[in-house]
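To start, the structure under review is shown below, and the notes come after it.
The values are calculated or read from the model by the stated rules, or taken from the named source; none is laboratory data. A quick note: this is a predicted structure, and the numbers were derived from the prediction, not measured. Positions of Cβ are generated from backbone atoms using ideal geometry, with glycine treated the same way; all protein chains shown enter the neighbour counts. Protein only, heavy atoms only, side chains kept; ligands, DNA and RNA dropped before computing areas. Shrake-Rupley method; radii C 1.70, N 1.55, O 1.52, S 1.80 Å.
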Amino acid sequence: MVNALRETGQLDNTLIVFTSDNGGERFSDNWPLVGGKMDLTEGGIRVPWIAHWPEGISKPGSTTAQHCMTMDWSATLVDIGGGKAHVDYPFDGVSLKPLLANPDATFERPLYWRMNHRGQRALRSGDWKYLRVDGNDYLFNVVADARERANLAKQEPERLQVDEGGMGALAQHHATHSRRRHHQPWLFCERHAAALKLQAACSFTMGASLMGKLIRAAMADKAMSAHHIHW
């Protein structure tokens, strides 16, 4: 694909996004993150993004700490193309177009997940993450504790109550509205929470094992926070 775009002179003005649909599966190494595919721990939902668009990215090689999900890219691509969603079928995601011009133009983006497997629920807001697994509630500061080892639910009861309330309200919203829609609301769709990497070169041969190595290298970089992925 890249060769075809290059040969036809369209490579520099084509946005290519590389990512993974979830964390590595059982044969992958997701260290230092815990869990993998089918988990709502960070190893199952935190994945890298790489965007390649020389003519559209203002600062090639830059990194943004913006949290996002897959459906945000659907909204982004249509936005870049000048399109709009039908009024009766709004996008599940939000456009990330401003970040391509300024990687520091971050905004609040709460992220929600729900899985029937083990009754899992999760909410990410800022540095904090609420997680429910098998009926047990957890609260983590995933910037300070990316491995989700220190459950702060008892130390932060008010924050836990807010997060639990948010999930309850969203569950009610889902129950009320999902019958009239042919797809689930964005808040319960695919599972991505990661930093975006904006650069002018991109590899299309990375498998889950290599991706894990790259994440480990990023996490070992003391100069970067846990949610920046640097290549």
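So in the stretch 76-93, with the set limited to residues that are surrounded by 12 or more Cβ atoms within 10 Å (Cβ to Cβ) and among the small types (G, A, S), which one is nearest to the chain's Cα centre (by Cα)?
G93
Just checking, how many residues over the stretch 77-116 are in contact (Cβ under 8 Å) with a residue 40 or more places away in the chain and not aliphatic (A, V, I, L, M)?
13
Say we look at the stretch 17-75 and pick out the residues that are in a helix (DSSP H, G or I), under 14 Å from the mean Cα position of the chain (by Cα) and not charged (D, E, K, R); which of these is surrounded by the fewest Cβ atoms within 10 Å (Cβ to Cβ)?
For the stretch 17-75, the residue satisfying everything is S74.
In the list Y138, Y130, which residue meets the criterion of being outside any loop (DSSP other than H, G, I, E, B), in contact with an Asp or Glu (Cβ under 8 Å, 6 or more places away or on another chain), open to solvent by 20 Å² or more (accessible area, probe 1.4 Å) and of a type in the set (S, T, Y)?
Y138
Just give me the residues in the stretch 94-127 being open to solvent by less than 40 Å² (accessible area, probe 1.4 Å) and more than 14 Å from the chain's Cα centre (by Cα), in sequence order.
Within the stretch 94-127, L99, L100, P103, A105, M115, G119, Q120 meet the criteria.
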